[in-house]
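Worksheet: one structure, shown below.
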Amino acid sequence: MEYWKLKYLEPGKRRRAIGYLKALRRFLDEQLPKRTAQGTLVLGTWNIRNFDNNRFGNGPRLEETFLYIAEVISRFDAIAVQEICRDLRPMDRLMSILGDEYRFILTDVTEGRSGNEERLGFIYHRDKVSFQGIAGEIVLPEKMLISDVTHKLQFARTPFACAFQSGWLRFMLATVHIYYGSASKKSDAYQRRVKEIESVARFLAKRAAREDQTYILVGDFNIEKFGDATADALEQAKFTIVRNREGSNRTQTKFYDQISFWAREGEVRMAKTERANGVLRLFDTLFRGTDLDLYDNDVDATLAAKLAAMDAEQQAWEAKKPSKTRTGKLKRLAEKLAKTRQVRADRNLREAYYLNEWRTFQLSDHLPLWVELDVDFAEDYLDSL
């Protein structure tokens, strides 16, 4: 971790960041196992919300937030990341804080409305995890295409897989960000979500069986809860899900993020520790519910920027020729402007905005999920001889 970058923060923000970094380090020490030189692999997945193009106007991320995200990632040997945006400068900024011992591999952006111009990828410690030279985005063969009733489709956001080795464990690590669409289980969008999970799991399971290789499938599956069709779709392909008891969304009511395995017998083993998996409840330490006073100026600056952007958009639409589209757009903009002004002026509304929106665009609306795996199979090999 390149902590010297703290020197470039103004004194008040530097003191704030140092205090929170110390608290975060203590929290991570308590929650995560110590990284070992070769015996175990600390593996994670994290949807880092909209990292980091600020297209929703609830940012951008503060300088100190990059330090917090880097501190979390530095505790993993390898971590899958989702919602990385087209502009890679924020990613380069994050990697410069992590230091030269970390590397990353990302996809190109997924084009189209449902793709959101997102990338998927992996960040890994180069002394602990070695990239084996194989990487690819998953493209379904014609007979496995996903149906949304009217069309045959590829994934909304293309899954990504890379070959790695850590210790004795050689594995293909695949990550996804599954289509969400709608919460209604009767909707076509929900069925598409199920079919996406089903398709990627079946595709990888078939390949894993043919290659006799361990596959680890992680990411944001948008699984509401265990036992529904979204979770069943993963298990029916014979993937073993790490069943965390805690949800991975901000309020920990949903089980969106998952880590699962299709492994050769005895090859994926949880580390023999007191706790080998979990969810990092980062809001217990960072951007807490009671911290609005510390960030109120930053929240106000965000709201001021939102208002300025909406004012500019309103003026641009007012300059267009009259039409039904123009009338409707101006009406919606006026409503948004009034609501945002009210949030900025009202302490209670501003606090709700801080809790439910602003801080999730600093850290994320997802929490990191982790497992610790045993990667030292020396005893097994000697026994086999």
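The values are calculated or read from the model by the stated rules, or taken from the named source; none is laboratory data. Just so we're clear, the structure is a prediction, and the values are computed from it rather than from any experiment. Note: ideal-geometry Cβ built from the backbone for every residue, glycine included; neighbour counts use all protein chains shown.
Within the range 67-113, track down each residue that is surrounded by fewer than 16 Cβ atoms within 10 Å (Cβ to Cβ) and either in a loop (DSSP other than H, G, I, E, B) or not assigned by TED's automatic domain parsing to the domain that holds Asp52 (or both). Listed by number, the residues that qualify are Arg86, Asp87, Leu88, Gly99, Asp100, Glu101, Asp108, Glu111, Gly112, Arg113.
With respect to the stated conditions, Leu337 is part of a helix (DSSP H, G or I), surrounded by 16 or more Cβ atoms within 10 Å (Cβ to Cβ), without any contact (Cβ under 8 Å) to a residue 60 or more places away in the chain and of a type outside the set (Lys, Arg). Report whether or not Arg192 is part of a helix (DSSP H, G or I), of a type outside the set (Val, Ile, Thr) and within 23 Å of Ile134 (Cβ to Cβ). Spelling it out, it is not the case that Arg192 is part of a helix (DSSP H, G or I), of a type outside the set (Val, Ile, Thr) and within 23 Å of Ile134 (Cβ to Cβ). Yes or no: Arg332 among the basic types (Lys, Arg), in contact with a helix residue (DSSP H, G or I) (Cβ under 9 Å, 6 or more places away or on another chain) and not in a loop (DSSP other than H, G, I, E, B)? No.
Table: residues versus (1) in contact with a helix residue (DSSP H, G or I) (Cβ under 6 Å, 6 or more places away or on another chain); (2) modelled with pLDDT of 95 or more; (3) in a strand (DSSP E or B); (4) assigned by TED's automatic domain parsing to the domain that holds Leu62.
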residue: Glu224; (1), (2), (3), (4): no, no, no, yes
residue: Thr230; (1), (2), (3), (4): yes, no, no, yes
residue: Gly266; (1), (2), (3), (4): no, no, no, yes
residue: Thr273; (1), (2), (3), (4): no, no, no, yes
residue: Asp296; (1), (2), (3), (4): no, yes, no, no
residue: Ala305; (1), (2), (3), (4): no, yes, no, no
residue: Ala308; (1), (2), (3), (4): no, yes, no, no
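Restricting the search to the range 275-294, which residues are assigned to a loop (DSSP other than H, G, I, E, B) and surrounded by 14 or more Cβ atoms within 10 Å (Cβ to Cβ)? Scanning the range 275-294 gives Ala276, Leu280, Arg281, Thr285, Leu286, Phe287, Arg288, Asp291.
Restricting the range 238-264 to residues that are of a type in the set (Gly, Ala, Ser), assigned to a loop (DSSP other than H, G, I, E, B) and modelled with pLDDT of 85 or more, the residue that is surrounded by the most Cβ atoms within 10 Å (Cβ to Cβ) is Ser248.
Number of residues in the range 22-45 that are over 21 Å from the mean Cα position of the chain (by Cα) and part of a helix (DSSP H, G or I) equals 5.
Looking across the range 248-264, the residues that are touching a Leu at 6+ places or on another chain (Cβ under 8 Å) and of a type outside the set (D, E, K, R) come down to Ser248, Asn249, Gln252, Gln258, Ile259, Ser260, Phe261, Trp262. Scanning the range 45-80 for residues that are touching a helix residue (DSSP H, G or I) at 6+ places or on another chain (Cβ under 8 Å), of a type in the set (Gly, Ala, Ser) and over 22 Å from Leu307 (Cβ atoms) turns up Ala70, Ser74.
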